[in-house]
Amino acid sequence: MDMLTRRIAPHTRKWIEANPISAIGFVQTSVPDLFYYADLAGKTANVYTVELFGSCPQTTTTLAVLGETSAVRMAMAAIEAAAQPAAF
């Protein structure tokens, strides 16, 4: 958690201190997809999403999905399904 909290905004650190977290999922993605995946995760399960600082901000960034294990699993499954190319 120390490594994680060094890479997030101060208001997110306060959320982490106030809420139990039993799982964290990470997604390395493009900046535009970051917002799509964060929105998708939040609509899929009761999770908190945050961008981690320290990635290459021009092309790639990292999304952290925080919450209870089952919620993080559901959110990560939705992100993975959305990231798969459509089958024709």
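Just so it is clear, none of the values below were taken in a lab; they were calculated from the coordinates. Remember, predicted model here, so these are calculated numbers, not experimental data. Quick reminder, even Gly has a Cβ in these numbers, built from the backbone with ideal geometry, and neighbours come from all protein chains shown.
Scanning the stretch 22-46 for residues that are surrounded by 18 or more Cβ atoms within 10 Å (Cβ to Cβ) and in a loop (DSSP other than H, G, I, E, B) turns up just one, Ala45.
Among the residues of the stretch 37-55, those that are under 14 Å from Met76 (Cβ atoms), of a type outside the set (Ser, Thr, Tyr) and in contact with a helix residue (DSSP H, G or I) (Cβ under 6 Å, 6 or more places away or on another chain) comprise Leu40, Ala41, Ala45, Asn46, Val47.
Close contacts from the stretch 1-23, counting a first residue that is closer than 21 Å to Arg73 by Cβ and a second that is part of a helix (DSSP H, G or I), with Cβ to Cβ under 7 Å and a gap of 6+ residues or different chains, come to Ile16/Thr5; Ser22/Thr69; Ala23/Thr69; Ala23/Val72. Within the stretch 52-61, can you find the residues that are surrounded by 11 or more Cβ atoms within 10 Å (Cβ to Cβ) and among the polar types (S, T, N, Q)? Ser55, Thr60, Thr61 - these are the residues of the stretch 52-61 that are surrounded by 11 or more Cβ atoms within 10 Å (Cβ to Cβ) and among the polar types (S, T, N, Q). Could you tell me whether Glu17 is exposed (fewer than 11 other Cβ atoms within 10 Å of the Cβ) and either among the acidic types (Asp, Glu) or out of contact with any helix residue (DSSP H, G or I) (no Cβ under 8 Å at 6 or more places or on another chain) (or both)? Criteria met by Glu17. For Thr49, state whether it is crowded, with 16+ Cβ neighbours inside 10 Å, polar (S, T, N, Q) and not in a helix (DSSP H, G or I). Judged against the criteria, Thr49 is a match.
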